[in-house]
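Input: a single structure, listed below in structure tokens.
Rule-based calculations on the coordinates, nothing more; no lab input. Quick caveat: nothing in here was measured; it's all calculated off a predicted structure. So basically every Cβ, Gly included, is an ideal-geometry build from the backbone, and we count neighbours across all protein chains shown.
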Amino acid sequence: MDSNEALDPPGASSTFAERLDYLFKHRRSPSGKPYKQSEVAKETGISPAYISQLRSGEVKMPSAERVQALGRVFGIDPEYFTGMHFDPAQTVSSDDDAVERALTKPLVREVALRAGELGEGERALVLEMMERASARATRLRVEREKDQTASMDQDGE
């Protein structure tokens, strides 16, 4: 396989295994990292062993319920797996509405545009920094609330 082949989305004649493997290699989880089989298994209720069989082609086509669950996790139209949608990037994601809403908030568009200019490693670092900032803000808010509650308790005595 040459380096360009891995970047091309699967075509109409590709197998279910090729399509699923493409998603694992090219779609990112909400954390911005590649999906792991264990993560997809947990979110779909499909065993990791069965997902491995799907990716290897040992199982040719899962049930409609499992296809729906995989589509939901990857944020794609389940018809992608049938060959009706060749490029998963062109399928509508349930996250699209959330992205549209987020882009209306102050500075989000600017952050997104700048992030688009960064390399993948740099974007992962920025995402990690944002997660740490969010966790710190949550801790500070909880501490503030505890202080306010303690202050009210002392005033009430």
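Annotation: extensible slack from residue 15 through residue 53 equals 12.4 nm (criterion: 0.36 nm per residue apart, minus Cα-Cα distance).
Assigning unit charges at the beta carbon (Lys, Arg +1; Asp, Glu -1) and nothing else, what dipole magnitude in debye, to the nearest 20, does the range 105-156 show about its Cα centre?
Around 140 debye, computed over the range 105-156.
Taking 0.36 nm per residue of sequence separation and removing the Cα-Cα distance, the residue 125/residue 82 pair yields an extension gain of 11.9 nm.
Taking R0 as 30 Å, what's the FRET efficiency between residue 139 and residue 42 from their Cβ-Cβ distance, rounded to 0.05?
0.70
Taking R0 as 25 Å, what's the FRET efficiency between residue 99 and residue 33 from their Cβ-Cβ distance, rounded to 0.05?
Details: r = 18 Å, r/R0 = 0.72.
Given R0 = 25 Å and the Cβ-Cβ separation, E is 0.90.
So if each residue of separation counts as 0.36 nm, and I subtract the Cα-Cα distance between residue 111 and residue 65, what length gain in nm does that give?
Working: separation 46, 0.36 × 46 = 16.56 nm, distance 3.72 nm.
Full extension of this stretch gives 12.8 nm more.
At a 10 angstrom cut-off on C-beta neighbours, averaged per residue, how do the peptides 60-68, 111-119 rank from highest to lowest? Could you put the intermediate results ahead of the total?
Numbers: 60-68: 13.8, 111-119: 10.7.
Taking the mean over residues of other Cβ atoms within 10 Å, the ranking is 60-68, 111-119.
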